[in-house]
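Here's the structure we're looking at; comments come further down.
The values are calculated or read from the model by the stated rules, or taken from the named source; none is laboratory data. Just so you know, these numbers come straight off a predicted model, no measurement behind them. Note that each Cβ is placed from the backbone with ideal geometry, even for glycine, and that neighbours are counted across all protein chains shown. Remember, those area values only see protein heavy atoms, side chains included, never the ligands or the DNA or RNA. Shrake-Rupley method; radii C 1.70, N 1.55, O 1.52, S 1.80 Å.
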Amino acid sequence: MQWKPISYQGTIKQNKQQIFIVTINGAQHLLKRGQTRDSVTLIYGNAKSITMRYKKQSKTFTLKK
């Protein structure tokens, strides 16, 4: 299965909630845990990495420096 191009850009805090900056297919998105964009769901995240699910497969992406 071919994953879409995904990169993890960082995190921000909004109302005590962590928001993750994720680029999917060249478009930047602000995602909370459980949110889905372009059929890709953010299932876990911290300051160093995020875990995404796409077509029942999970993959971890580390923070781009």
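Descriptive notes on the structure:
- Reported label for calculated percent of Cα pairs over 13 Å apart given (i) 57; (ii) 74; (iii) 78: (i)
- Relative contact order (percent, whole number), the chain, Cα cutoff 8 Å, 6+ residue spacing: 27 percent
- Rounded to the nearest 10 Å², the accessible area of I6 at probe 1.4 Å: 20 Å²
- Residue order for K56, K64, K48 - accessible surface, 1.4 angstrom probe, largest first: K56, K48, K64
- For the chain, the solvent-accessible area with a 1.4 angstrom probe is 68 square angstrom per residue.
- Only protein atoms count toward the accessible area here, which uses a 1.4 Å probe; on the chain, the carbon and sulfur part of that area reaches 45 percent.
- Inter-label distance, F61 to N15: 2.5 nm, where each label sits 7 Å from its Cα along the C-beta direction.
- Accessible-area rank, largest first, for Y44, Y8, Y54: Y44, Y54, Y8, with all protein chains present and a 1.4 angstrom probe.
- Nearby lysines by direct alpha-carbon distance to K65 (threshold 25 angstrom, same-chain neighbours under 8 apart not counted): K4, K13, K16, K32, K48
- Residues listed by number, segment 19-60, amide nitrogen under 16 Å from S7 label point at 7 Å toward C-beta: 21-30, 49-50
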